[in-house]
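Visitor: A single structure is presented below for examination.
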């Protein structure tokens, strides 16, 4: 399990509100070296930045809501900052601020402030609202809440961005000013040798499974076979009997429910059927906070840590859409899938080069200060989702299709 939990009491980390250093960091473009080294991103293309510039010209409070397929997403938004040009404030998970003093400083200079994903963080919410009300910089929030690891699909969107935007809109409304949301489509394109990249990863995984590398098997069949084997191993680990004729999605659902239902009954009082991301967030808000308290015994910490590992596995399982590489055989979907295999097995993923990222800004959505009571789905989040799905659908067409 990747180190996304910090075993000490949460304390809010504010951004450094100095434009001078942040402006020079953006102008120097040092983030590009990090993207090339750590993520293999060589090329980029920003689209429709004029839409963002117009909202800035009008003096609107601006929220940017990109999809979140990769850990490089916050860094690639540096291209938007450089070419618009503008600076951002960004809401970032607290664990990122606990990966060394230099990283913490750079995040703060870049305008990032912490949010406690495992609890209600009033300070982070207030900071985000103030950013929109003051409208000095756009506010960057990833509404999926975590990386989906799936470029063509969205996870469930959190309601937090809508609450923040509406609260700010109400405050700005008294002055005759607006808050708008710009969805942003992020699309990664692999421009390298797919066969070569996939072969090295799949061969390593097959050897871990005690198989001989299936180098003669068609690539997509090979990926499907490895994925089925990895799922079967987890089913065996948790004692799940697979029924004949079950689809991969049914097997995934059974595994996720096997992991989450006991925890939901213990911590929430009943089994839940919401989106996986929301279910996991609700559980982590109950399980995690007590772990940092000195009165919690080591045995209790170990038990809770195992519970968190189960939620992490459920999140991983949900990142594999059914028929993802068979219904649309793009190089990008195939590479994403083998990257997830490797990351889920080792918590690391080798860098595949070269990659290109497209950052496509969508038209502004004006935020109403009024909440539609009784609505089953938040109207603003629904609009954001629809815009993002449409944007990703268009960007998907730019993927190279796999040629066997």
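What follows draws every value from the coordinates through simple rules; no lab data is involved. This structure is a prediction, so every number in the text was calculated from the model and none was measured. Positions of Cβ are backbone-derived with ideal geometry, glycine not excepted, and every protein chain shown enters the neighbour counts.
Visitor: Under 8 Å for C-alpha pairs, at least 6 residues apart: give me the relative contact order for segment 194-346, rounded to a whole percent.
Guide: Contact order relative to length: 28 percent.
Visitor: Sticking with this one: Give the distance, in whole Å, between the Cα centre of segment 300-325 and the Cα centre of segment 244-276.
Guide: So the separation of the two Cα centres works out to 11 Å.
Visitor: Report, in whole Å, the centroid distance computed from the Cα atoms of segment 390-404 and segment 346-369.
Guide: Comparing the Cα centres of segment 390-404 and segment 346-369, I get a distance of 15 Å.
Visitor: To continue, here is another question. For residue 8 and residue 278, what does the FRET efficiency come to when R0 = 35 Å and r is the distance between their Cβ atoms, rounded to the nearest 0.05?
Guide: Numbers: r = 26 Å, r/R0 = 0.74.
Computed FRET efficiency for residue 8 and residue 278 comes out at 0.85.
Visitor: Among 106, 283, 233, which one shows the biggest mean-square fluctuation in a GNM of the chain, springs joining Cα atoms closer than 10 Å?
Guide: So, out of 106, 283, 233, the one fluctuating most is 233.
Visitor: Taking 0.36 nm per residue of sequence separation and subtracting the Cα-Cα distance, how much length would be gained by fully extending the chain between residue 229 and residue 300, in nm to one decimal?
Guide: 22.3 nm
Visitor: If you scale each eigenvalue of the Cα gyration tensor by 5 and take the root, what three semi-axes come out for segment 194-346, rounded to whole angstrom and sorted largest first?
Guide: After diagonalising the Cα gyration tensor, the semi-axes are 33, 17, 14 Å.
Visitor: If I build a Gaussian network model for the chain, linking alpha-carbon pairs within less than 10 angstrom, which residue out of 149, 122, 166 has the largest mean-square fluctuation?
Guide: For the chain, modelled as a Gaussian network with Cα springs under 10 Å, the answer is 122.
Visitor: Starting from 0.36 nm per residue, how many nanometres of slack lie between residue 191 and residue 221 once their C-alpha separation is accounted for?
Guide: The residue 191-residue 221 span can extend by a further 8.6 nm.
Visitor: Could you work out the relative contact order of segment 85-223, using alpha carbon pairs under 8 angstrom and six or more residues apart, expressed as a whole percent?
Guide: 17 percent
Visitor: Per-residue ellipticity at 222 nm for the chain, helices alone: DSSP H runs ≥ 4 residues times -39500 (n - 2.57), over residue total, nearest 500 deg cm²/dmol?
Guide: The per-residue figure over the chain is -15500 deg cm²/dmol.
Visitor: If you fit an axis through the alpha-carbon atoms of helix 298-318 and take the longest principal axis of the Cα set of the chain, what angle between them do you get, 0 to 90°, nearest 10?
Guide: Computed tilt is about 90 degrees.
Visitor: With the crude spin-label approximation of a point 7 Å out along Cα→Cβ, what separation in nm comes out for residue 47 versus residue 99?
Guide: The answer from the label model is 2.9 nm.
Visitor: Taking only Cα atoms, what is the 0 to 90° angle, nearest 10, from helix 73-83's long axis to the longest principal axis of the chain?
Guide: 40 degrees
Visitor: Now, a different point. Taking only Cα atoms, what is the 0 to 90° angle, nearest 10, from helix 219-237's long axis to the longest principal axis of the chain?
Guide: It works out to around 90 degrees.
Visitor: Now for a different question. What percent do you get for the relative contact order of the chain when only Cα pairs under 8 Å and 6+ apart count?
Guide: This gives 28 percent for the chain.
Visitor: What is the order of 56, 401, fewest Cβ neighbours within 10 Å to most?
Guide: By the 10 Å Cβ count, ascending, the order reads 401, 56.
Visitor: Where does each of 150, 247 land when they are ranked from fewest to most other beta-carbon atoms within 10 angstrom? Before the final figure, lay out the partial values.
Guide: Values: 150 21, 247 10.
Listed from fewest to most nearby Cβ atoms, that is 247, 150.
Visitor: Next question, about the same structure. R0 = 45 Å: FRET efficiency of residue 27 with residue 382, Cβ-based, nearest 0.05? Intermediate results must be reported in sequence, preceding the final value.
Guide: On the way: r = 38 Å, r/R0 = 0.84.
Using R0 = 45 Å, I get an efficiency of 0.75.
Visitor: Starting from the Cα of residue 212, step 7 Å along the direction of its Cβ; do the same at residue 58; then give the gap between the two resulting points in nm.
Guide: Those two pseudo-labels are separated by 6.5 nm.
Visitor: While we're here: Under a plain spin-label model, where a point goes 7 Å from the Cα along Cα-to-Cβ, how far apart in nm are residue 271 and residue 203?
Guide: Inter-label distance under the simple model: 4.5 nm.
Visitor: Just rank 287, 220, fewest to most, by other beta-carbon atoms within 10 angstrom.
Guide: The most exposed by this proxy come first: 220, 287.
Visitor: Report the full-extension gain for the segment residue 175 to residue 253: residue separation times 0.36 nm, less the Cα-Cα distance, to one decimal in nm.
Guide: Computed gain between residue 175 and residue 253 is 23.2 nm.
Visitor: Follow-up. How high is the FRET efficiency from residue 401 to residue 17, r the C-beta distance, R0 45 Å, rounded to 0.05?
Guide: In this case the efficiency is close to 0.45.
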